[in-house]
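Presented below is the structure to which this report refers.
Just so it is clear, none of the values below were taken in a lab; they were calculated from the coordinates. Owing to the predicted nature of the structure, the values given are computational and were not obtained by experimental measurement. Counting neighbours? That spans all protein chains shown, and the Cβs are built from the backbone with ideal geometry, glycine included.
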Amino acid sequence: MGQRVSSIVHELSNPLTTILGYAQRLLPRVAASSAGMVGEVRGILSEAERATSVLRQLLRVSSETHGVRSALSLNDLLDRTVGVVRATLAGSPIRLVVEKEPGLPQIEGDFGQLQQALLNLLQNAQQAIEQSGKGGLIGARTASAGQGRVRLEVWDDGPGIPGAIQARIFDPFFTTKPPGIGTGLGLAIVLGFVRQHGGTVNLVSPPKGGTRFLLEFPVLAATAAPVVPEPEFLRFAPRRRLRGNDEPAGQRAAKVLVVEDEPTVGGLIADVLRDEGMRVDVLRDGQAALARTEFETYDLVICDLKMPGMDGRKFFHSLGQRHNPLQEHMLFVTGDVVAPSTQEFLERHQLPYVAKPFRVEELSRAVRELL
């Protein structure tokens with residue numbers, strides 16, 4: 001399923017990147033000239049963002065990769081996650097209760113994956129209470145589970161989950177929520193991420209109401225320092241600083257080469273960067289780009305990984321074989337970040353990337369950071 005989903009998502013990520021990006025660019029222009037169309041453009045942007053969320057969840061649920069593992073504390077994970085949830089509960093009658101057992105042993109895990117799992121559970125509890133009008137408490141607690149394991153529990157006093165569907169709630173795409181509210185992937189992601197960490201998920205939901213999800217993980221034998229995760233839009237493995245040109249970037253317009261076989265995506269990237277005052281060339285295959293770098297100087301290359309003919313990997317290695325310093329100034333865009341071969345390539349060469357479909361500001365921030 002992972003291979004099939006990855007292929008489908010890759011094909012959809014290019015047109016969705018274009019729709020999302022141009023909707024973002026169009027909204028302020030429409031707001032300034034035609035107030036009557038603002039709602040329609042916002043609708044396009046909102047649906048594009050929703051589709052983007054679905055694609056990224058599909059990638060998560062089908063991924064067999066283990067992410068970046070490090071020592072982490074469940075108490076720290078809980079603290080940093082509930083801060084996000086409290087903001088969504090502001091002004092709501094729902095109260096969030098947090099309990100932490102002090103001195104809890106650390107586990108080894110990917111902070112981003114476990115935070116996503118915890119967020120999914122907390123958001124599910126919030127939505128269940130809001131839709132039913134029953135209950136008003138959501139709780140999260142950490143505790144020792146004995147036998148070298150620690151527990152993370154999320155509970156609520158809402159209507160509970162009917163016994164007839166409890167066996168199906170972790171199935172991908174199964175949902176009891178109204179259309180437009182859920183994708184049916186939230187709990188599948190929770191189960192997948194917890195199992196990847198050697199953990200278990202148990203559900204307790206009695207007929208009288210209330211729901212408890214019990215997540216248990218093996219403790220880490222040797223404790224290492226926790227690592228703060230980088231933002232999802234830009235990952236390095238590990239982070240490195242790229243060598244810049246001798247001339248300060250602030251004194252001239254940066255020159256960028258975009259290598260992208262999808263003309264609409266290449267055009268979007270070029271439009272975004274040109275709006276920021278950069279000079280941009282766009283080419284549709286790696287072979288033509290390699291020839292161009294023989295006589296043109298660029299500050300940065302933005303390159304797709306999957307292209308016909310010479311793809312991003314071959315282009316990168318060809319630059320190295322020609323001792324072209326531009327090899328050290330590359331940003332990859334890809335809709336295939338969960339494939340083990342893609343992750344291995346990016347991590348082995350410590351390469352930054354932006355995952356398709358991306359928002360305009362994600363691309364801009366990545367480019368500015370690298371320049």
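For this structure, a couple of remarks:
- Neighbour counts of C-beta atoms inside 10 Å place HIS329, HIS349 in the sequence HIS349, HIS329, starting with the fewest.
- Of VAL85, THR200, ALA125, farthest towards positive along the dipole that unit charges on Lys, Arg, Asp, Glu beta carbons give segment 70-218: ALA125
- Remark: PHE295, PHE213, PHE332 ranked as PHE295, PHE332, PHE213, counting other beta-carbon atoms within 10 Å and listing the fewest first.
- Over segment 249-370, Cα pairs under 8 Å with separation of 6+ residues give a relative contact order of 21 percent.
- Taking the empirical scaling 2.2 N^0.38 Å for compact globular proteins as reference, segment 249-370 has a Cα radius of gyration ratio of 0.98.
- Sorted fewest first by neighbouring Cβ atoms within 10 angstrom, ILE107, ILE8 come out as ILE8, ILE107.
- Using C-alpha pairs under 8 Å with a sequence gap of at least 6, the mean separation divided by the residue count of segment 70-218 gives a relative contact order of 24 percent.
- Size of electric dipole in segment 249-370: Cβ of Lys, Arg +1 and of Asp, Glu -1, about Cα centre, debye, nearest 20: 200
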